[in-house]
1. Which order results if B:421, A:84 are arranged by neighbouring Cβ count within 10 Å, fewest first?
2. Report the semi-axes of the equivalent ellipsoid for the range A:29-89 in whole Å, largest first, where each axis is √(5λ) for an eigenvalue λ of the Cα gyration tensor.
3. On average over all directions, what projected area in square nanometres does the range B:238-377 have, based on the convex hull of its Cα atoms?
4. Subtract the Cα-Cα distance of residue B:600 and residue B:497 from 0.36 nm times their separation in residues, and report this length gain in nm to one decimal.
5. Post the alpha-carbon centroid distance, the range B:222-241 to the range B:370-413, in whole angstrom.
6. Report D for the protein assembly as shown in µm² per second (integer): Stokes-Einstein, Kirkwood Rh on Cα pairs, 20 °C, 1.002 mPa s.
7. How large, in Å, is the range B:561-666 by the Kirkwood hydrodynamic radius built from its alpha-carbon pairs?
8. Please work out the Cα center distance from the range A:26-100 to the range B:650-676, rounded to the nearest Å.
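Derivation of every value follows stated rules applied to the coordinates shown; laboratory data play no part. Everything numeric in this text was worked out from a predicted model, so none of it was measured. With ideal geometry, Cβ positions are generated from the backbone for all residues, glycine too; neighbour counts draw on all protein chains shown.
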């Protein structure tokens, strides 16, 4: 039986890696992948607490998150492709259309 | 024929229209057929009218009047004496003895000169143009002499002035010709202005411009002799006459007018146009009879011009210039006659002069033609046998103008001299001037004749073998005019020589003025004696010329050298042109320059100043706009921009930066939460 704390450590680690990836990498694809890491860190957290509380609520939530992640990946990739066709770049530093 | 009297001027007008509109493409033959034929037709019509006029019943003898249409119905206005006048200017033709003489002279001599021009102008460019102008001149001149009122006369008066200008400047490529044309036009303008003023004064005095009405009014006795307004009218119109008829002080244009082709000099500047002034004064005889002052002025100016111009003519070397000064001098004679109240004598001399002066001019043209264009008499001589017809006709003309007994000039000149001696308006001084002028005339005319035809030939070699008699088109008119120069005076054969003086009787209705002073009784002996004296004087002139230029050709030069000062003064025409230049022409130019400077400085300056002001105010408002109005807006914008700076720099547009803010914010909250 693995202790819940380890799961939480694993989830936290994954989460921090994901956040650092989102904040520091320049390639939008990598950022998207980092977001997947964050989501999966959340999933691990949900599963750990589901087991800890002997409840299936967490597992149900995890399935929702996975579904959401899949949808999000599809939409995100679609955006990236659309953007690449216009700007011929996937570098996040060059994507600054939100400015004034 | 009389009912269609208006055809007389219309024929030449038609010719002018044809030439000036279509003549350029016509051959010379067609041009001369039309343009000589139509004046010929006009002459024939005039002769017909004249014969019919003579045949009119006694009561109509004095005047035939043909009203054509009303030209200017000016309406009612107040006359100078307060009564109401109603001015209607008609276009109408009047034929009375005076205009009969004028029409016959103009059409007859004019026609002959047209014929002559065929030969003279044959090798010149602008043939159609020449004849077009010449026909236009005939039209204007005929309007002048046939008009029945002063305004229509003025139309003709201006028309002949225009044609004179056009024809003097016929060789317009030559600057001297173009200048002479302008000079003639401008000098005439001065006289014409006075003419117009006189006509206006007439309108407010008489309320009409008809010859007949004005003459009747003047003869009716409603104006006293010496009336101021009449004198003013007479003097103004006489100033007009001095311009057109080349009298002192406006005679200066006529000698220069010799730049035109010789037939023009003959027609316009000798026979017809320049006599228009005499015609006008004669036409106004009823008014002049009321003004002894004006008459004295006319006589004085006439006599002065006669001797003045004759003295210049004594020394001129250009054959046409001698004739030009002679014309001025003879016109002076005519005015002298008018001025002493002898209008008949003036008109008589006008007619005879038209013949012999046209003859002399045409003869000189024939000489010039033979000499390949040479006009300087010093390069002629001994032409008698080379161009015999010209020489013989010229001799007739010379004799006629000098007053050789029984030739036309003799009768008319002696009539004038006798009148200036015996007329109540005349005096001895006028007569003396006339006689001296007669002597000078005989001298310079024979000088011209001898220099040209007698003595030794001074013709350059290259010209000499070209000398030829002119074609028949030129000699036939010369012969006709020579016949006229001999016989034209016979119509006025004076009673003292057993004649009837038909001419005087014919013109009598025109010139009978109740206010004129009755002529003194005179003895035939006195008249005969004076006549003999003037013939003697002319003979003297002839003999001096003969001695100086034929017998001992050296004398003339010695005399000229001995009288150096006077000779030079005469040779340079008393320096009148220079004096006029200094007194009037240059002053007028100064005035022009001053006005131009005023225009440039003040008028243009004002306009430019207004423009400058507008521009400056525009620039100021432009600066105000840029710096103040725009400045205020820009300051507002600038302030907003400065204040928005902190807010703006966080807006990078980079998603990752926003993610950083979110993350850091979460961390801050977390730290805060953990610490509490």
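1. Values: B:421 20, A:84 13.
So the ranking, lowest neighbour count to highest, is A:84, B:421.
2. Values: eigenvalues 204, 22, 3 Å².
Whole-Å semi-axes of the equivalent ellipsoid: 32, 11, 4.
3. Numbers: hull surface 28.7 nm².
Orientation-averaged projected area of the Cα hull: 7.2 nm².
4. Between residue B:600 and residue B:497, full extension yields an extra 30.0 nm.
5. With the range B:222-241 and the range B:370-413 each reduced to a Cα centre, they are spaced 40 Å.
6. Details: Rh = 33.1 Å.
For the chosen part, D equals 65 µm²/s.
7. Working: mean 1/r = 0.0436 Å⁻¹.
This gives a value of 22.9 Å.
8. 19
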